[in-house]
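Student: Starting off with a structure, shown below.
No value in this document is a laboratory result; all are computed from the given coordinates. This structure is a prediction, so every number in the text was calculated from the model and none was measured. All Cβ positions, glycine included, derive from the backbone under ideal geometry; neighbour counts span all protein chains shown.
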Amino acid sequence: MAPTGSGLRMNSHYIAGPTEGQNRPSWLKELRGFRDRARSGLDIHDREDLAWVADTRACGFAFIYDSAVYDRASGEYRLDRFLDEGEREFGGYDIVVLWQAYPRIGIDERNQFDFYRDMPGGLDAVREQVRLAHSRGVKVALAYNPWDTGTRREPLSDEESLADLVATIEADGIFLDTLSGTGGALREAVDRQRPGVALIPEIVPPLAQLGLCSASWAQWFVDPYPPGILLHKWIEPRHPQYQIRRWDESHAAEIESAFFNGSGMMVWENIFGSYNPWRAEDRLLWKNCSEILKRFPEHFRSKEWEPFIPTLQSELHANAWRSANSTLITLLNLGKPLRETPLLELETRPGMAYFDLWNGARIREENSGKRIRLPASIDRLGSFLAVPVEEIDESLLAFVEKRRESPKKVQGPDPRNFSHPVVEPKPAPRSKPAQINSPPPGMVLAPGGSFRMKLHHMRRECGTYPDPGSPKENWKKFLWGSPHDEILERDFGTLEVQSFFIDEAEVSNAEYKRFLDGSGYRPKVETNFLKHWKEGQIPPGEEDFPVVYVDLEDARAYSRWAGKRLPTEIEWQYAAQGTDGREWPWGGEFDPTKCNTTGRPMPVRSLPEGRGPFGCHHLSGNVWEWIESERDDGHTAFAILRGGSYYRAEGSIWYTPGGPLPVNTHAKFLLMAPSLDRCSTVGFRCVAEVGE
């Protein structure tokens, strides 16, 4: 990366300061020459419609399945409260990423754009939330998943579809998931419909991409020096990079790098259903940094940035940011804390005043003729401001006073970071008992017994629930979503199961129609309810197909009307595998003639060879099945789906695994609202208790 024969040390993320004994003026001249050559063609940052991006420092990750963003109970968006908490805990967001599809995408054929359309209230409601954010001075970026190529295709290209969506919801940016950049086609398509939209890649972009991308993530950056200055920020000071290590429990190192470099942070706590909250210490540290970064935006976007100015302490590092007549300095101390010690020595400039912005005080500089020394105290981070006396106004003095009063250390316990246990689901209701010698029509007996229950689970970044009986200190092993593709082999031990009746097949369209006619049931929210029916009628010839486009409550309503209930996960697996631990309902290896691999749903009583050990049809590979498994950790609600599906989204490891699946696999299904929870590939069957 560094020019051949140069004295510069750098990797793709950071540039190191001069080495001990290296001629600093020569090093700085070479560093600036490298920047001037690398900047050729990076004119995107000169556009007035994109000038706003340069001053974004805090980016919030708004995950739509997070109860902090949408309240399932009331059916209301909570973005206003999400932004309130952002101000209270992090000093406020400048931009939020509104994330919609992954890790749910792949359950059915809906594509990433459909997930925005199916958010509660549709695109009109999404646009209202974007406008709400705008009213608070916060920008909104939608998410683009370029790997989504195996679901339903749009009539337009991805570029045109994104441009349409951005214009419709009035978004301000596009987060380019898994990408290190983009092509000119996306930039042109978006500019035609909504100028001023930032393109923000997840992966560090090559320098040439700074001509198309206005910001980027600084994700999992490696600083081998340290401290280094951010390479992209040095090349283009108006290019913010949002530091992010989403699985780390401490974000102190990221915050230090962001502040030292005058850049930004990504605040992300609900990681696709895995809860990883920021510690109180990190929230307070970033809030202190954010106050300074946001108060002096013109300094941190200025090309008059001089990195690694000399300091008076061996492990103290400083960057100087000049704007007009004033200079702001960011400090990073990698040594022991310093108390009322001279930190910097600067050239004397008549008529200047000096402020310690971190601690909120005017500095009584030590004058020795042509040089002055600035004494102060610092633990890890600090900041000075040199400003002409005539430019000191009430606003600056009020800010310094605010900084003096701002707490620098956490006081007392932190009541914010909580999560509810999700080891056990909400209790299953009781059903109307039936006599063992007279099973209800369409049901078969699963006689009581013992069986060994094992589960095979792929983390998929959303994790799973802990094994029953596992000690609390081991819960993170299950709840965590990293690494994405790690398989958890789970063993619940030998379980005792009481006898129960289970539907021989999935509930059909015709059976659900009888329920509607007999009960008058209508859901409170009808969006996507029985979407595959035409004007409330079953499509001809599909009477015996499994009913789909029903959410968990729609399935429960049928079960109650029928005097039954949904199976628990233990009951479902027992009915599928029996007592002998079979991997497939029919035993033996995978057999495509015994499950649905047609790529479309099939009648519920077809493929008789595919019966389970107690005579149940299609316990693998027709449609996913709801079970009584709802859980809520206080941040994300979810249920478990069983059985696999005829549908499989191909082409990416990020899709929910589909197709016929062994009976010991399950999927964690994040719950949000009926419009999204009703899928073309999810149905259900029922169970009933056995009477005395």
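Student: Which part of the stretch 244-280 falls in the paramagnetic zone of residue 406, meaning amide N under 18 Å from the point 7 Å along Cα-to-beta-carbon?
Tutor: 251-267, 279-280
Student: Right, something else. So for 568, 579, 681, fewest C-beta neighbours within 10 Å to most, what's the order?
Tutor: 579, 568, 681
Student: If I take every Cα pair under 8 Å that is 6 or more residues apart in the chain, average their sequence separation and divide by the length, what percent do I get for the relative contact order?
Tutor: 13
Student: In whole Å, how far is the Cα centre of the stretch 539-592 from that of the stretch 598-651?
Tutor: One Cα centre to the other: 6 Å.
Student: Continuing with this model, one more query. Between rounded, prolate and oblate, where does the stretch 38-136 land on the alpha carbon gyration tensor, with a ≥ b ≥ c its root eigenvalues, rounded for a/c under 1.5, else prolate if a/b exceeds b/c?
Tutor: Taking the square roots of the gyration eigenvalues as a ≥ b ≥ c, the stretch 38-136 is oblate.
Student: So, one more: Place a point 7 Å from the Cα of residue 389 along the Cα-to-Cβ direction; which residues of the stretch 311-337 have their backbone N under 19 Å from it?
Tutor: Answer for the stretch 311-337: 325-327.
Student: Further, regarding this structure: Count neighbours as other Cβ atoms within 10 Å of each site's Cβ, and list the chymotrypsin sites (Phe, Trp or Tyr not before Pro) in the stretch 245-336 that are DSSP loop with at most 15 such neighbours.
Tutor: Hits after loop and neighbour filter: 247.
Student: Right, another one. Rank the residues 182, 151 as a footprinting-exposure proxy: fewest other Cβ atoms within 10 Å of their Cβ go first.
Tutor: Sorted ascending by nearby Cβ count, the order is 182, 151.
Student: Could you derive backbone 3J(HN,Hα) for the stretch 504-509 from the dihedral phi with the Karplus parameters 6.51, -1.76 and 1.60 (θ = phi - 60°), listing whole Hz in sequence and x where the residue is Gly or Pro?
Tutor: The phi angles translate into 4, 9, 4, 4, 8, 4 Hz.
Student: Shifting gears a bit: Extension gain residue 418-residue 364, at 0.36 nm per residue separation less the Cα-Cα distance, in nm?
Tutor: Values: separation 54, 0.36 × 54 = 19.44 nm, distance 4.47 nm.
Full extension of this stretch gives 15.0 nm more.
Student: Continuing with the same structure: Pull out a ≥ b ≥ c, the square roots of the eigenvalues of the alpha-carbon gyration tensor of the stretch 78-120, then state rounded if a/c is under 1.5, prolate if not and a/b is larger than b/c, and oblate in the remaining case.
Tutor: On the way: a/c = 3.45, a/b = 2.92, b/c = 1.18.
It is prolate, given that a/c is not under 1.5 and a/b is the larger ratio.
Student: Under 8 Å for C-alpha pairs, at least 6 residues apart: give me the relative contact order for the stretch 507-685, rounded to a whole percent. Intermediate results must be reported in sequence, preceding the final value.
Tutor: Details: 356 pairs, mean separation 45.5, N = 179.
It rounds to 25 percent for the stretch 507-685.
Student: Next question, about the same structure. Per-residue HN-Hα couplings for the stretch 678-683, Karplus 6.51 cos²θ - 1.76 cosθ + 1.60 at θ = phi - 60°, whole Hz, x for Gly and Pro?
Tutor: 3J(HN,Hα) across the stretch 678-683, in whole Hz: 7, 10, 6, 10, 10, x.
Student: Also, I was wondering about something else. In deg cm²/dmol and to the nearest 500, what is the mean residue ellipticity at 222 nm of the chain if only DSSP H runs of at least 4 residues count, each as -39500 (n - 2.57), divided by the residue total? Before the final figure, lay out the partial values.
Tutor: Details: 16 runs with 153 residues, N = 692.
Theoretical 222 nm ellipticity from helices: -6500 deg cm²/dmol.
Student: Please state the shape class of the chain: rounded when a/c is under 1.5, otherwise prolate if a/b exceeds b/c and oblate if not, all from the C-alpha gyration tensor.
Tutor: Prolate.
Student: So how do 609, 583 line up by other beta-carbon neighbours within 10 Å, fewest first?
Tutor: Ranked by crowding around the Cβ, least crowded first: 609, 583.
Student: Once amide H atoms are placed 1.01 Å from N in the peptide plane, what residues at a sequence separation of 5 or more from residue 376, or on another chain, have their amide H within under 5 Å of its amide H?
Tutor: Excluding prolines and chain starts, which carry no amide H, the hits are 340, 341, 343.
Student: OK, next. Percent relative contact order of the stretch 305-405, based on C-alpha pairs within less than 8 angstrom and at least six residues apart? Provide the component values of the computation, followed by the final result.
Tutor: Numbers: 209 pairs, mean separation 28.5, N = 101.
About 28 percent, as a whole number.
Student: Stretch residue 71-residue 170 to full length: gain in nm at 0.36 nm per residue minus the Cα-Cα span? Don't skip to the answer; put the middle values down first.
Tutor: Details: separation 99, 0.36 × 99 = 35.64 nm, distance 2.30 nm.
Gain on extension, residue 71 to residue 170, equals 33.3 nm.
Student: Right, next: Take the alpha-carbon centre of the stretch 197-227, take the same for the stretch 117-192, and report the distance between them in whole Å.
Tutor: 20
Student: Could you please state, rounded to a whole Å, how far the C-alpha centre of the stretch 487-528 is from the C-alpha centre of the stretch 425-469?
Tutor: Computed from Cα coordinates, the inter-centre distance equals 11 Å.
Student: Skipping prolines and chain starts, which residues have an amide H placed within reach, meaning under 5 Å, of the one on residue 139, given they are 5 or more residues away or on another chain?
Tutor: 95, 96
Student: Do any trypsin sites (Lys or Arg not before Pro) in the stretch 142-198 lie in a DSSP loop with no more than 16 other beta carbon atoms within 10 Å, and if so, which?
Tutor: Here the sparse-neighbourhood loop sites are 152, 153.
Student: What are the GluC sites (Glu not before Pro) within the stretch 432-488 that DSSP puts in a loop, where the Cβ has at most 13 other Cβ atoms within 10 Å?
Tutor: Passing both the DSSP loop test and the Cβ count: 486.
Student: Set Lys and Arg Cβ to +1 and Asp and Glu Cβ to -1, take the dipole of the chain about its Cα centre, and tell me which of 82, 302, 144 lies farthest positive.
Tutor: Positive-most Cα among the choices belongs to 302.
Student: At what distance in nm do the modelled label points of residue 522 and residue 499 sit from each other, each positioned 7 Å from its Cα along Cα→Cβ?
Tutor: 4.3
Student: Near the amide H of residue 564, under 5 Å away, which other amide H atoms are found, from residues 5 or more places off or on another chain, if H is placed in the peptide plane?
Tutor: 432
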